[in-house]
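One structure is given below, encoded as structure tokens.
The values are calculated or read from the model by the stated rules, or taken from the named source; none is laboratory data. Quick caveat, the model's predicted, so the values are computed rather than measured. Heads up, the Cβs are rebuilt from the backbone with ideal geometry, glycines too, and the neighbour counts pull from every protein chain shown.
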Amino acid sequence: MQRSRGCSARVSVTLAIAMSMLAGCGNKKEAAASPPPQVSVVTLKAEQLTLDTQLPGRTTAYRIAEVRPQVDGIILRRLFKEGSDVTQGQQLYQIDASTYEATYKSARATLESTRLLAERYGRLVGDEAVSKQQYDEARAAWLQAQAAVDRAEINLRYTRVLAPISGRIGRSNVTEGALVTNGQAAALSVVQQLDPIYVDVTQPSSSLLRLRRELANGALQSAGTNAAQVSLVLEDGTRYPETGRLEFSEVAVDQGTGSVTLRAVFPNPRHELLPGMFVHARLREGVKTDALLVPQQGVTRDLKGQATALVVNARDEVELRQIRTERAVGDKWLVSDGLSDGDRVIVEGLQFVRPGAKVRVAQAGSGAGAPVAAASGPSAPSAPSAPSAPSAPSAAKR
């Protein structure tokens, strides 16, 4: 009996020690619990924002005319400087005209002969010295000779190749001594009118509908019937000093891409714009007085494509908000619904939190180095767990 009582006492003591050790381990686990993760937030503030739309496009000459020969012959002279401005009717080339001059003189001689014969028959037909048919044939020959003279004169004039329009002429594709023919495929040169100049921009058809509505309700500055005022940003980022007009008429939707091509017209008095340049046409759409701009790294999308943002409420708890974004403004989204002035949107540490969780808040800095410092915040909870590793062996020793 005494031995059994001793065994029972030893078992009780052992259980008590085990219970105390388990309680100590629980206390140490609670002591080693990680603090809430740290996140960086941006506090939203409504601001005034000038809204505009940038339309990428390329410049195109207002008029393009290919200079082609209309008679056959040898080029004797080129009478222009490549890359210079020419006026309509200015002579550009001279084709050898010797054969055409001879043809013209021969046609004039034939014309004179047939004219005299027709006039003589005209006097004789009244006296019935010649028949009416003979007179008619003489008169028809005279008219045919007149047509031959006109044709020879036209061909002689075509030996002087003239500029069809005013504009800037490019390089010459032929030199003196080259043989050219009427109807040849290659142009002698090309003249392009650069003032004014076109800017062709391509946009989705949905954007076209929006721009039409904004033009109708006055959000876009009008430049006439079915046209809006538009400015231009050049390839190097500078602004073009002249204002143009964007026309919304005579457009068709490309069935393959769902896009439309709009045409803007810009004055180009100094010929700063050249055909083929890549530019951005900018449409001013008005001023929004209460715009909310959210950094793009603070906006994500769910499986349905809905834009969402994580917001820290007054209790430092995370809330999931479904938002609506209108457009990108630089590196931010313009948000029209789901957020309000004063909301704190998480921009760093999104991967460490979930809705309903407690967080520690740090305001995101505006400098370039601020996001790096904020990103190191969530790793802070790992620091307290380092001392807990050696504590387990010490407990075992005790």
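Checking each residue in the range 142-173 for being surrounded by fewer than 17 Cβ atoms within 10 Å (Cβ to Cβ) and touching a Leu at 6+ places or on another chain (Cβ under 7 Å) picks out Gln146, Leu162, Asn173.
Residues considered: Ser206, Ser259, Ser231. Of these, the only one that is hydroxyl-bearing (Ser, Thr, Tyr), closer than 24 Å to Gln48 by Cβ and outside the structural domain of Thr43 (by TED's automatic domain parsing) is Ser231. Can we say Pro269 is exposed (fewer than 11 other Cβ atoms within 10 Å of the Cβ) and either over 18 Å from the mean Cα position of the chain (by Cα) or of a type in the set (Ser, Thr, Tyr) (or both)? In short, yes. You will find that of Leu350, Leu339, the residue that is at pLDDT 90 or above and either among the aliphatic types (A, V, I, L, M) or touching an Asp or Glu at 6+ places or on another chain (Cβ under 6 Å) (or both) is Leu339 and no other. In the condition set (1) over 40 Å from the mean Cα position of the chain (by Cα); (2) assigned to a strand (DSSP E or B); (3) modelled with pLDDT under 85, Ala18 is compliant with all but (2).
Restrict the check to the range 182-195 and report whether at least one residue is modelled with pLDDT of 90 or more, within 14 Å of the chain's Cα centre (by Cα) and part of a loop (DSSP other than H, G, I, E, B). No.
Scan the range 39-67 for residues that are at pLDDT 90 or above and surrounded by 19 or more Cβ atoms within 10 Å (Cβ to Cβ) and the total you get is 10.
Table: residues versus (1) modelled with pLDDT of 90 or more; (2) not in a loop (DSSP other than H, G, I, E, B).
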site: Leu246; (1), (2): no, yes
site: Glu272; (1), (2): yes, no
site: Gly276; (1), (2): yes, no
site: Ala281; (1), (2): yes, yes
site: Asp290; (1), (2): no, yes
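Scanning the range 98-113 turns up no residue that is in a loop (DSSP other than H, G, I, E, B), farther than 30 Å from Ser131 by Cβ and not hydrophobic (A, V, I, L, M, F, W, C).
For the range 248-264, the criterion of being within 24 Å of Asp331 (Cβ to Cβ) and touching a Gly at 6+ places or on another chain (Cβ under 9 Å) is met by none of the residues.
Matching residues to (1) free of Cβ contacts under 8 Å to residues at least 60 places away in the same chain; (2) not hydrophobic (A, V, I, L, M, F, W, C):
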position: Trp333; (1), (2): yes, no
position: Ser336; (1), (2): yes, yes
position: Val345; (1), (2): no, no
position: Glu348; (1), (2): no, yes
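Can you find a residue that is under 30 Å from His271 (Cα atoms) and either out of contact with any Gly (no Cβ under 9 Å at 6 or more places or on another chain) or loosely packed, with under 13 Cβ neighbours inside 10 Å (or both) anywhere in the range 118-137? Among the residues of the range 118-137, not one is under 30 Å from His271 (Cα atoms) and either out of contact with any Gly (no Cβ under 9 Å at 6 or more places or on another chain) or loosely packed, with under 13 Cβ neighbours inside 10 Å (or both), which makes the answer no. If I ask for residues that are of a type in the set (Val, Ile, Thr), part of a helix (DSSP H, G or I) and in contact with a Leu (Cβ under 6 Å, 6 or more places away or on another chain), which ones from the range 114-141 would you list? Answer for the range 114-141, where residues must be of a type in the set (Val, Ile, Thr), part of a helix (DSSP H, G or I) and in contact with a Leu (Cβ under 6 Å, 6 or more places away or on another chain): there is none. Of the residues that make up the range 257-266, is at least one more than 16 Å from the chain's Cα centre (by Cα), without any contact (Cβ under 8 Å) to a residue 12 or more places away in the chain and under 30 Å from Thr60 (Cα atoms)? No, the range 257-266 contains no residue that is more than 16 Å from the chain's Cα centre (by Cα), without any contact (Cβ under 8 Å) to a residue 12 or more places away in the chain and under 30 Å from Thr60 (Cα atoms). Residue check: is Leu156 more than 21 Å from Leu188 (Cα to Cα) and among the hydrophobic types (A, V, I, L, M, F, W, C)? It is false that Leu156 is more than 21 Å from Leu188 (Cα to Cα) and among the hydrophobic types (A, V, I, L, M, F, W, C).
Taking every residue in the range 128-155 that is free of Cβ contacts under 8 Å to residues at least 24 places away in the same chain and pairing it with any residue that is assigned to a helix (DSSP H, G or I) and surrounded by fewer than 17 Cβ atoms within 10 Å (Cβ to Cβ), at least 6 positions away or on another chain, the pairs with Cβ-Cβ distances below 6 Å are Val130/Leu124. So for the range 145-159 (the condition being touching a strand residue (DSSP E or B) at 6+ places or on another chain (Cβ under 7 Å) and either over 30 Å from Arg327 (Cβ atoms) or among the acidic types (Asp, Glu) (or both)), does at least one residue qualify? Yes, the conditions are met somewhere in the range 145-159. Among the conditions (1) surrounded by fewer than 19 Cβ atoms within 10 Å (Cβ to Cβ); (2) in contact with a Ser or Thr (Cβ under 6 Å, 6 or more places away or on another chain), the only one that Asp290 does not satisfy is (2). Note on the range 293-308: residues that are surrounded by 12 or more Cβ atoms within 10 Å (Cβ to Cβ), part of a loop (DSSP other than H, G, I, E, B) and not hydrophobic (A, V, I, L, M, F, W, C) total 1.
Determine whether Ser98 is small (Gly, Ala, Ser), more than 30 Å from Asn173 (Cα to Cα), free of Cβ contacts under 8 Å to residues at least 40 places away in the same chain and surrounded by fewer than 15 Cβ atoms within 10 Å (Cβ to Cβ). No.
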